[in-house]
Structures are given as C-alpha cells and as structure tokens.
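Engineer: Quick one: this structure, given as structure tokens, is what I'll be asking you about.
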Amino acid sequence: MNDQMLEAMFGKFGKVFEPNDVLFCEYEPGNDFYLIKEGKVKITKTIGTSIKTLDVLEAGDILGEMAILEEQPRSATAIAVTEVKALNFNRANFEMLMTKNPALAMKLLHIFSFRIYDQKRRLMILLMDDITGKVCDVFLMLYEKQYTNDVYSEIVLTATVDDIASWCAQPVGEVQKVIMQFVKTGKLDLYPDKIVIHNINDFQRIVNQKRKPG
C-alpha cells in the first residue's frame, strides 16, 4: 500500500495516540483493529505476576485484527511508545474496505492467515507438559519464522533466554537451566542477544519424543 493511499484513508479512518496512550487492553472485548501509519506500538501480556513485552510494532504493521476474526477478548495490551498515527477499522466498515481497496484486502488476508497459524503454533507449545519439550519447540518455531529453506548447517536465532521463557510461559530461571544443559552437551551456544544451534534436527527429535500423540 503506498503513502498516498494511506494519507487519503487517514482523513476518514485516522486516529492519533500520544506516547503511553493505550490503544486497547488485554481481556477487554474488541471489535476493531489498527494499521499503523506512523510511530511505534508496544504489545504487552500478563504472564503469571509480571507483564511481558511481546513485540514492538511499527509503520505498516497491523494489530488487534483477531477481533474481526474471532469474537473473543483481547489477548494482549497495546500501548503507544511514540506518537502514533493509525488507521482504525471495525466490523461495520471492514466489508466495505475489503471490496473497495483490493491492495489493502490482500495485505490483510496475508497477515490474517499468518496470525492464525502463529496462534495455533503457540498453542502447540503451551499444550506440551514438559518444559524441555516447550523450549525445544520454541527453537523450532523461531527457526520456522527465520528460515524459509532447509538449513543443514548451524542456525542463528535472534532471541534471548527471556524471549524463550515468554514464548513458553515458564519461569526464566527454569528455562535458563534447560538451555544451559543444552550448552553443556554442545547442542547450542548462548549469547546475550542470540542463540546458535548446531543442528536443529536434534531439537526436532526431542519435540517428537515429548509431544503427546493426537
């Protein structure tokens, strides 16, 4: 979608948020979503007794779109990091938008399909009982996100221990223990901002063993 198209639509659908303004809150009902035109938005989620930052979205990103697809409460909170200019769409204008703007329709359908897969993938991790299996499955998920072709040499995952713990919804200390055991056995190298995995198939085998059939 080009800048002229966004500018034209902003007059009709635009909203402006100041830093620290809340676009929507976790658990509240939702029937609208946003396309960021300018600025940054932080996505946070309550995990246990703490609030974790899941992502920071920027211009061109869409958030809150699951409200259009599913009549369920918000799964996270969205907070403006900077001044944010966003296009705000709801169920009432969504059908009109899709028919009159095929460029945006294609962008939304692509994002929707990806997000649906992403949610199912996260659920697969959360449904595993074994923390080692959860950690290994997060490695596989990140590998799937970062690499589109088969990779047989070592791979680099841009993630921290905190990131892995957040994906697992497990305590950071417990996840750290699991990862350090893999370091000791030579399956991976841990750095402050990345994880280098020597053979992703090692972790695929562990997940296959840990995941319950059916």
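The values are calculated or read from the model by the stated rules, or taken from the named source; none is laboratory data. Here the structure is a predicted model, which means the values were calculated and not measured. Note: ideal-geometry Cβ built from the backbone for every residue, glycine included; neighbour counts use all protein chains shown. Just the protein is used for accessible areas: all its heavy atoms, side chains included, with ligands, DNA and RNA removed. Shrake-Rupley method; radii C 1.70, N 1.55, O 1.52, S 1.80 Å.
Engineer: Evaluate segment 19-34: report whether one residue or more is of a type in the set (S, T, N, Q), outside the structural domain of Tyr143 (by the TED database), touching a Lys or Arg at 6+ places or on another chain (Cβ under 6 Å) and over 30 Å from Tyr143 (Cα atoms).
Structural biologist: Checking segment 19-34: at least one residue is of a type in the set (S, T, N, Q), outside the structural domain of Tyr143 (by the TED database), touching a Lys or Arg at 6+ places or on another chain (Cβ under 6 Å) and over 30 Å from Tyr143 (Cα atoms).
Engineer: Does any residue of segment 108-129 turn out to be open to solvent by less than 60 Å² (accessible area, probe 1.4 Å) and acidic (Asp, Glu)?
Structural biologist: Yes, the conditions are met somewhere in segment 108-129.
Engineer: Which condition number does Ala86 fail, the rest of (1) crowded, with 16+ Cβ neighbours inside 10 Å; (2) free of Cβ contacts under 8 Å to residues at least 60 places away in the same chain being met?
Structural biologist: For Ala86, the failing item is (2).
Engineer: Something else: Taking the conditions exactly as written (at positive phi, in contact with a strand residue (DSSP E or B) (Cβ under 8 Å, 6 or more places away or on another chain) and surrounded by 12 or more Cβ atoms within 10 Å (Cβ to Cβ)), does Ala159 satisfy them or not?
Structural biologist: No; evaluated as a whole, the condition is false for this residue.
Engineer: Anything in segment 161-190 that is of a type outside the set (Val, Ile, Thr), farther than 23 Å from Lys120 by Cα and either in contact with a Phe, Trp or Tyr (Cβ under 6 Å, 6 or more places away or on another chain) or part of a helix (DSSP H, G or I) (or both)? List them, or say none.
Structural biologist: Of everything in segment 161-190, those that are of a type outside the set (Val, Ile, Thr), farther than 23 Å from Lys120 by Cα and either in contact with a Phe, Trp or Tyr (Cβ under 6 Å, 6 or more places away or on another chain) or part of a helix (DSSP H, G or I) (or both) turn out to be Gly173, Glu174, Gln176, Lys177, Met180, Gln181, Phe182, Lys184, Leu188.
Engineer: List the number of the failed condition for Glu18; all other conditions in (1) in contact with a strand residue (DSSP E or B) (Cβ under 6 Å, 6 or more places away or on another chain); (2) open to solvent by 60 Å² or more (accessible area, probe 1.4 Å); (3) acidic (Asp, Glu) hold.
Structural biologist: (1)
Engineer: I'd like to know if segment 54-72 contains one or more residues that are within 15 Å of the chain's Cα centre (by Cα), loosely packed, with under 15 Cβ neighbours inside 10 Å, over 18 Å from Ala8 (Cβ atoms) and at pLDDT 85 or above.
Structural biologist: yes
Engineer: Cβ contacts < 8 Å: first residue touching a residue at least 60 places away in the same chain (Cβ under 8 Å), restricted to segment 155-169; second residue in a loop (DSSP other than H, G, I, E, B) and of a type outside the set (Asp, Glu), any location; separation 6+ or different chain. Result?
Structural biologist: Ala169/Gly48
Engineer: Filter segment 191-214 for residues that are touching a strand residue (DSSP E or B) at 6+ places or on another chain (Cβ under 8 Å) and either surrounded by 18 or more Cβ atoms within 10 Å (Cβ to Cβ) or not in a loop (DSSP other than H, G, I, E, B) (or both) and give the result.
Structural biologist: Scanning segment 191-214 gives Ile195, Val196, Ile197, Ile200, Phe203.
Engineer: Moving on to the next point. Please go through segment 74-128 and give me each residue that is of a type in the set (Phe, Trp, Tyr) and closer than 18 Å to Gly30 by Cα, ordered by number.
Structural biologist: Phe89, Phe94, Phe112
Engineer: Exactly one of these conditions fails for Ile43: (1) within 24 Å of Ser166 (Cβ to Cβ); (2) aliphatic (A, V, I, L, M); (3) surrounded by fewer than 17 Cβ atoms within 10 Å (Cβ to Cβ). Give me its number.
Structural biologist: If we test Ile43 against (1) within 24 Å of Ser166 (Cβ to Cβ); (2) aliphatic (A, V, I, L, M); (3) surrounded by fewer than 17 Cβ atoms within 10 Å (Cβ to Cβ), just (3) comes out false.
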